[in-house]
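Q: Okay, here's the structure, questions in a sec.
Just so it is clear, none of the values below were taken in a lab; they were calculated from the coordinates. Remember, predicted model here, so these are calculated numbers, not experimental data. For neighbour counting, all protein chains shown are included, and Cβ atoms are generated from backbone atoms with ideal geometry for every residue, glycine included.
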Amino acid sequence: SKLNLARMDACFGSVKVVTLVLLLSSCIVFAVEHQDPTLRLERLFAHDDDSWVHHQKRRGLNAATVECGAVLQTIATASDATDFISAYFGQLFAGDAISLALTLPLLTSLIRNGVQIRKVCSSCASHAETMNNNTNSNQASYLEYCGPDVYGYDTLHSGLLLLPVSEGDGESIKEGTMSSFLFNHASESDSLGGAPSENWNQLDSSVDAVFGFLGAASGLATLLPDYMGYGESAEVLHKGYLLRKTYGTATLPLFLKMQSIIREETDCKSALATAAVLAGYSEGGYSSVAIADALSSGLGVDIISVQSGAGPYKIGSVTLTKVLENMQAGTYPPSQYYLMLLIASSFSSANPMVENYQQGQDLLADRRKAELLELVKRGGSNSEFNSFVNNDDPTDMFDANFTAWAFESIAAGNYDPCSFRLEEGFNDKLCEALASNDLTDILLNVNYPVQMCQSPDDEIVTALNIPDIEENDFLRLLTVT
């Protein structure tokens, strides 16, 4: 598979740095690629053995195992954080003295403080009174993500919050004004294991904890959203995979909660600046663009920069058809079939806000829809998802009318089937749904820097997903060969 940390490293390694956290990213991911897969953050993220056993037993029940608001761990001082980073990367780079010598001094020089790690939860409903009284120009846009009729409005969404702590007592939030860093995780099939708030101490399954830790240690208020259908919302909501507005619904309440925590717990001695940097890869690349747009339009946050790697921005006009073509040609890696289950479920009457909901124009084949939607909502391992796919004909998970129409468009040299043939009652509602979740228009109209990274050899999210960067001076493209 090309969806690996090496390509993520290549993407972020050459990016012009706008924050300290982004300067760290290539070093971190390169290290994780070479890690012992059984390694955990034992020295940093200590846990009681009995609690850990209980935690593991509960996994798979689709119920969040970490309490909302819980302070999970505090690393008291910059010295403690530096000791951990030194020991951790020393182990990861064992036998590679040159890489260690090049990266460790840079990493440790950026650490300014200790870090408090906690789970944060909030809902749109919990901010309704405050936001309803907000008369600024962002209110209408905010309600598109967090209005009372929005799917997931009154559901608790969750994420991992990492805050800089005071060197004075090693416990309280550091005083002063701090910008925010949002690191958005890549595609995950596991409703709990894929959530940063659940796997915060498991480096064998996620690099999120390291990204968040380094961001907060450099002085940024750092948020790692779980997304809709993950973590706290896993039992209640369907996943919002590549559904643009779900990322705002699941993240804006967390951002507002982060603001209030910083303000209230410091008696207004600290504040969250209305400025943010976002980064992510794969689904995280897509969600970084979507969340940046939600923060900017819905809350008036100034976006400093978005660093987005291998994002499926053209979900309807390229992503699906190229996957179908590669599946038919046998070049799509079977280990990544789970991604297609996630995409197809989003456009198969799972979320009532999607335009083709119960219109008879779903992506999943009717004969398999019920079992596959149940699987995706419940979540599981990638291999479990892949086992539900017919290896002899992986496209048979899709509705036959859709695949016939899509292959007809491909044969005509058009990867945008909706522009090839649009027919009322046949595909018009599906095309509306695909168009509303395509990020091309957002990217072509952003007024803040967005750097995209893409490999021309990517057979999963192909280079055709990149919009014409010449149409917007704020767009930059780093091509990795």
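Q: Once you put a point 7 Å from the Cα of N133 and another 7 Å from the Cα of R476, both along the Cβ direction, what distance in nm separates them?
A: 4.2
Q: So if I place +1 on the C-beta of Lys and Arg and -1 on the C-beta of Asp and Glu, and nothing else carries charge, what would the dipole magnitude of the stretch 68-173 be about its Cα centre? I want it in debye, nearest 20.
A: 120
Q: With a sphere of radius 15 Å drawn around the Cβ of T155, what net charge do the other residues whose Cβ falls strictly inside it have (Lys, Arg +1; Asp, Glu -1)?
A: Once all neighbours under 15 Å are counted, the net charge is -1.
Q: Want the number for D154 to E374: 0.36 nm per residue separation, take away the alpha-carbon distance, what's left? Please report the intermediate quantities before stating the final value.
A: Values: separation 220, 0.36 × 220 = 79.20 nm, distance 2.20 nm.
Going from the current span to full extension adds 77.0 nm.
Q: Going by how many other Cβ atoms sit within 10 Å of their own, how do D226, D416, D392 line up, fewest first? Intermediate values should be presented prior to the final figure.
A: Details: D226 32, D416 17, D392 6.
Taking fewest neighbouring Cβ atoms as first place, the list is D392, D416, D226.
Q: Of the listed values [x] 52, 29, 21; [y] 35, 25, 22; [z] 30, 27, 22, identify the label whose number matches semi-axes √(5λ) of the Cα gyration tensor in Å calculated from this model.
A: Given [x] 52, 29, 21; [y] 35, 25, 22; [z] 30, 27, 22, the structure-derived one carries the label [y].
Q: Something else now. What's the angle, to the nearest 10 degrees (0 to 90), between helix 366-378's Cα axis and the longest principal axis of the chain?
A: 0
Q: Quick one: which residues, 5 or more positions from V165 or on another chain, have an amide H under 5 Å from its amide H? H modelled 1.01 Å from N in the peptide plane, none for Pro or chain starts.
A: G114, V115, Q116, K174
Q: Nearest 500 deg cm²/dmol is fine: what mean residue ellipticity at 222 nm does the chain get from its DSSP H runs of n ≥ 4 alone, each adding -39,500 (n - 2.57), divided by its residue count?
A: The helix-only estimate for the chain comes to -12000 deg cm²/dmol at 222 nm.
Q: Pop the C-beta distance of M353 and D96 into the FRET formula with R0 = 45 Å and round what comes out to the nearest 0.05.
A: Details: r = 48 Å, r/R0 = 1.07.
The computed FRET efficiency comes out at 0.40.
Q: How far, in degrees from 0 to 90, does helix 78-92 lean away from the longest principal axis of the Cα atoms of the chain, to the nearest 10?
A: 50
Q: Going down the list K119/K245; K245/K429; K369/K429; K239/K369; K174/K257, which pairs span over 20 Å between their C-alpha atoms?
A: Values: K119/K245 23 Å; K245/K429 17 Å; K369/K429 18 Å; K239/K369 15 Å; K174/K257 17 Å.
Where the Cα-Cα span goes over 20 Å, the pairs concerned are K119/K245.
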